[in-house]
Amino acid sequence: MVDLLEKEKMSQLYDFYKDLLTEKQRDYFEMYYFYDNSLGEIANDNNLSRNAIYDNIKKTCKILVDYENKLHLLEKYEKRLDIIDELEKKYDDELIKELKNID
């Protein structure tokens with residue numbers, strides 16, 4: 001079973017880096033993380049072994065983490081949001097609200 005924090009983190013990483021994955025990696029990842037399909041269900045639907053699906057999803061998660069370790073897109077995004085939140089506390093400015101809605 002996937003830990004809720006791990007699921008959230010992987011989902012965030014997926015949002016940033018999904019275009020760098022293969023179609024199959026995206027499909028299996030989405031079935032498992034977004035549609036809550038079991039490994040067995042995904043395996044049956046794709047005529048593969050449960051172990052093959054498990055290996056693919058684990059590999060995909062490692063790839064997502066590796067991309068983040070190199071590019072830091074999620075980290076930078078979260079820092080920007082923190083800064084915007086701090087600005088909102090200090091200033092009541094429409095530009096700040098617009099900035100927050102860009103991402």
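The values are calculated or read from the model by the stated rules, or taken from the named source; none is laboratory data. If you're wondering where the values come from, they're calculated on a predicted model, not measured in any experiment. All Cβ positions, even for glycine, are placed from backbone atoms using ideal geometry, and neighbour counts span all protein chains on display.
So is ILE57 farther than 13 Å from PHE16 by Cα and in a helix (DSSP H, G or I) or not?
Details: farther than 13 Å from PHE16 by Cα: yes; in a helix (DSSP H, G or I): yes.
When the stated conditions are applied, ILE57 passes them.
Scanning segment 87-103 for residues that are surrounded by 11 or more Cβ atoms within 10 Å (Cβ to Cβ), among the charged types (D, E, K, R) and part of a helix (DSSP H, G or I) turns up GLU88, LYS97, LYS100.
Results for (1) touching a Phe, Trp or Tyr at 6+ places or on another chain (Cβ under 7 Å); (2) surrounded by 12 or more Cβ atoms within 10 Å (Cβ to Cβ); (3) closer than 30 Å to LEU99 by Cα, shown as yes or no for each residue.
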site	(1), (2), (3)
SER11	yes, yes, yes
TYR17	yes, yes, yes
TYR32	no, yes, no
SER38	no, yes, no
ASN44	no, yes, no
ASN51	no, no, no
TYR67	yes, yes, yes
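The residues on offer are LYS97, LYS90, LYS79, LYS59, and the sole one that is assigned by TED's automatic domain parsing to the domain that holds LEU39 and out of contact with any Phe, Trp or Tyr (no Cβ under 8 Å at 6 or more places or on another chain) is LYS59. Among the residues of segment 29-71, those that are among the aromatic types (Phe, Trp, Tyr) and within 11 Å of MET10 (Cβ to Cβ) comprise PHE29, TYR32, TYR33, PHE34.
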